[in-house]
Structures are given as structure tokens and as C-alpha cells.
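A.B. asks: Here it is, the structure, as C-alpha cells.
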Amino acid sequence: KLIIARCARLLAKLRGVINVWKDKGQDGEVYEHTVPVIEKPDRINQLFYNLCRGHALVCAKTQINQDDLRLVIELAVDSAPTIRALLFRKLLENNGEMKTGEVMVALNCSRPTALKEMEVLKILGVCYITQDSDGSVGEPEKTIHLADSFKWFLSDECKVIRGIPLPPTQHTLSDLL
């Protein structure tokens, strides 16, 4: 039930309705936005739970297991708007962190579009952004980081449920003795 609740909270945030635009302010260009409309995850939670129960029943099981939960995790991400779903998946592939240039490549878009999509995830509470100065000419790179409340989606438990192979563990000499 905890995993289903996490997925419901994620989808509620990812499906949030918001308009973001770039505006010129006193400190240069800034992003302005409408107040985000984020639904409560209660209804999504119930739908996901019913989906899991239905899938278990169809598979002749009396309890929900990892196969049932895999559907909910994938559905939570795939039910988001396409660009947000793609960016969230790439964020998971990159261990919860991506620079502006990486977002541009992942989304096959321009820098302004990448920055806007990063800002949207920040406003919705899925991520936060830091600004790095790498000493190069032009705009410094920004980095998007997965919010702590969604770090479970980076965990080994989540990867196992999703069927993603875990990297081999490194054993030290003391582990072998």
C-alpha cells in the first residue's frame, strides 16, 4: 500500500496543471507561472489499488505482488504529460540529477525549452534546481535534482519491482573473510 501511495503522490504532481513563461524582470529573465493546480492523490491512490487487486485477481492470486506493483509504477510515470514523463524517466536513469545540456539532449529541444521544463518540475514539487558555474562563457548550467520525497523511485527496491537489473555489488576483503 505504501508503494501505491508513493505512485499516487508522484502522478498527482506530474499531472499538475500549470502555465510557465519567461519574463524580463529587474534581475534579468525570470520564469513566471500560474498557480499550479495539483489534484489530491486520494482518488489516484484508490484507482491504483483497485488496478493492483484486479491484476492479481486476473492472475489467480489472492495477494498483490511485485508484478502487480510494476504496472502501477509504470502507469504513474506514463500517465503524466509526455515531456514530463520522458524527463522523469531520464532523471531516474541519471540517478536523479541532470544538467541543462543533458535535458536538451534527452528531450531533443532548445535550451529555453529545457530550462522551462526543468522549471515546471521544480514548481510542481517533483524536483529542485541548483545553478552551477562551470567557468564557461554564456549561461551557467543549471542542474535538476529529484526531490527527497520521490527518492524512493531511485531505490534498489523500486528497480527490482520495475525489472531493472541492479549493478553488481563491490565486495571488500573484509566482506569475503
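A.B. asks: Dipole magnitude of segment 23-95 about its Cα centre, charges +1 at Lys/Arg Cβ and -1 at Asp/Glu Cβ only, in debye to the nearest 20?
C.D. replies: For this selection, approximately 400 debye.
A.B. asks: Can you tell me the FRET efficiency between D156 and V20 if r is taken as the Cβ-Cβ distance and R0 is 35 Å, rounded to the nearest 0.05?
C.D. replies: After rounding to 0.05, the efficiency reads 0.55.
A.B. asks: Out of the total accessible area of the chain (probe 1.4 Å, heavy atoms of protein only), what percent is carbon and sulfur?
C.D. replies: 54
A.B. asks: Then there is this: What are the aspartates and glutamates whose alpha-carbon lies under 14 Å from the alpha-carbon of K24, with same-chain residues fewer than 8 places away excluded?
C.D. replies: K24 reaches E32.
A.B. asks: On to the next question. Please work out the Cα convex hull volume for segment 84-163 and give it in Å³ per residue.
C.D. replies: Looking at segment 84-163, the number lands at 93 Å³ per residue.
A.B. asks: I've got another one for you. Note the listed values [x] 9.5; [y] 14.4; [z] 11.8, then indicate which one is mean projected area of the Cα convex hull in nm² calculated from this particular structure.
C.D. replies: Among [x] 9.5; [y] 14.4; [z] 11.8, the one calculated here is [y].
A.B. asks: Hey, another quick one. Averaging sequence separations of C-alpha pairs under 8 Å and six or more residues apart, then dividing by the length of segment 8-163, give the relative contact order as a whole percent.
C.D. replies: Answer for segment 8-163 is 22 percent.
A.B. asks: Rounded to the nearest 500, what is the 222 nm mean residue ellipticity of the chain from helices alone, with -39500 (n - 2.57) per DSSP H run of 4+ residues and division by all residues?
C.D. replies: -15000 deg cm²/dmol
A.B. asks: Are any of the pairs K1/K122; K1/K22; K22/K99; K122/K159; K22/K159 more than 30 Å apart by Cα-Cα distance, and if so, which?
C.D. replies: Over 30 Å Cα-Cα: K1/K22; K22/K159.
A.B. asks: I need the peptides 32-39, 152-159, 67-74 ranked by packing, meaning the mean over residues of other C-beta atoms within 10 angstrom, with the highest value on top.
C.D. replies: The peptides rank, most packed first, as 67-74, 152-159, 32-39.
A.B. asks: Based on the Cβ-Cβ distance of R89 and A5, what FRET efficiency does E = 1/(1 + (r/R0)^6) give at R0 = 22 Å, to the nearest 0.05?
C.D. replies: 0.60
A.B. asks: Rolling a 1.4 angstrom probe over the protein heavy atoms, how many square angstrom per residue are accessible across the chain?
C.D. replies: 60
A.B. asks: If you don't mind, another one. Among 80-92, 7-19, 54-66, how do they line up by average Cβ neighbours within 10 Å per residue, starting with the highest?
C.D. replies: 7-19, 80-92, 54-66
The values are calculated or read from the model by the stated rules, or taken from the named source; none is laboratory data. None of these values were measured; they are calculated from a predicted model. Please note: Cβ atoms are built from the backbone with ideal geometry, for glycine as well, and neighbour counts cover all protein chains shown. What goes into the accessible areas is simple: the full protein's heavy atoms, side chains included, and nothing from ligands, DNA or RNA. Shrake-Rupley method; radii C 1.70, N 1.55, O 1.52, S 1.80 Å.
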